[in-house]
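The values are calculated or read from the model by the stated rules, or taken from the named source; none is laboratory data. Not measured: the values here are computed from a predicted model. Because the Cβ atoms are built from the backbone with ideal geometry, glycine has one as well, and the counts that use them run over all protein chains shown. Heads up: the accessible areas ignore ligands, DNA and RNA and are worked out on the full protein's heavy atoms, side chains in. Shrake-Rupley method; radii C 1.70, N 1.55, O 1.52, S 1.80 Å.
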Amino acid sequence: MASPACCPQGSWPYMKAPADYTPQGVVGELDNKLPVYEVGSGSKAIVVIPEVFCWEGRLKGICDHFAAKGYYVIMPDIMRGDSINNPENADKDAYLKKWATWSNSEADLACVFKHVAGKGIKDIGSVGFCWGGWVIFRASAADFPLKCGAICHPSVRLEGYAGSSEVELSRKVKCPIMF
């Protein structure tokens, strides 16, 4: 399956991959047609949750780095090709409100964890970038089997779009999370 054209290279230069970099993993789909990037193998897994600029650019390289350290890494495209960079998403508040709704992410994330468990992996950590950090907080609060999480550029304040507050959500988190 080809990578969704959600985030043209260079649309956000800070996440642009080096011009000579070739991702080491494969893009595929889970049973629910969820696009995923998978790389590596091991007895421990890292679920990488991208930010609102999609999963292109450096994120695949970050997944590849973890895989080279002995982890099975999976990065789902929960937004299924939707990106804040898409011209139809000019209303940033409407876009964020749409994706800061747990029901838009929960089933896909459950499919990812089921897939990882099917590989016999029980130790699962997660790394989230921006919006992905909010997803990690929500997953931990919803009893997903996370051992730990790390959040790069945390946007837990997106919980406000879900009708709650980051303080309330933080009280429900059950695993250690590093900012």
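Structure notes:
- Yes/no for residue 116 being out of contact with any Ser or Thr (no Cβ under 8 Å at 6 or more places or on another chain) and either open to solvent by less than 10 Å² (accessible area, probe 1.4 Å) or in a helix (DSSP H, G or I) (or both): yes
- Residue tally, condition of a type in the set (D, E, K, R) and touching a strand residue (DSSP E or B) at 6+ places or on another chain (Cβ under 8 Å), over the stretch 50-77: 4
- Total residues in the stretch 78-122, condition of a type in the set (Asp, Glu) and either under 17 Å from residue 32 (Cβ atoms) or touching a strand residue (DSSP E or B) at 6+ places or on another chain (Cβ under 9 Å) (or both): 3
- Every residue from the stretch 164-179 that is of a type outside the set (A, V, I, L, M, F, W, C) and either within 18 Å of residue 152 (Cβ to Cβ) or in contact (Cβ under 8 Å) with a residue 40 or more places away in the chain (or both): 166, 170, 176
- Of the listed requirements (1) open to solvent by less than 40 Å² (accessible area, probe 1.4 Å); (2) on the phi > 0 side of the Ramachandran plot; (3) small (Gly, Ala, Ser), residue 163 misses just one: (1).
- Residues in the stretch 80-90 that are open to solvent by 10 Å² or more (accessible area, probe 1.4 Å) and in contact (Cβ under 8 Å) with a residue 12 or more places away in the chain: 6 in all.
- Condition check for residue 100 on (1) of a type in the set (Gly, Ala, Ser); (2) farther than 25 Å from residue 147 by Cβ; (3) surrounded by 15 or more Cβ atoms within 10 Å (Cβ to Cβ): one failure, at (2).
- Of all residues in the stretch 43-70, those satisfying the criterion of being without any contact (Cβ under 8 Å) to a residue 60 or more places away in the chain and over 30 Å from residue 96 (Cβ atoms) are 67, 68, 69, 70.
- Among the candidates 47, 26, 36, 73, residue that is of a type in the set (Val, Ile, Thr), surrounded by fewer than 17 Cβ atoms within 10 Å (Cβ to Cβ) and closer than 15 Å to residue 119 by Cβ: 26
- Per-region count, the stretch 122-133, residues under 28 Å from residue 53 (Cβ atoms) and either assigned to a loop (DSSP other than H, G, I, E, B) or out of contact with any Lys or Arg (no Cβ under 7 Å at 6 or more places or on another chain) (or both): 8
- Any hit, the stretch 66-79, residues being of a type in the set (Val, Ile, Thr), under 18 Å from residue 120 (Cβ atoms) and in contact with a His (Cβ under 8 Å, 6 or more places away or on another chain): yes
- Among the residues of the stretch 50-64, just one is open to solvent by 10 Å² or more (accessible area, probe 1.4 Å) and at pLDDT 95 or above, namely 64.
- Candidates 126, 170 - the one that is modelled with pLDDT of 90 or more, open to solvent by 50 Å² or more (accessible area, probe 1.4 Å) and either farther than 20 Å from residue 40 by Cα or not β-branched (Val, Ile, Thr) (or both): 170
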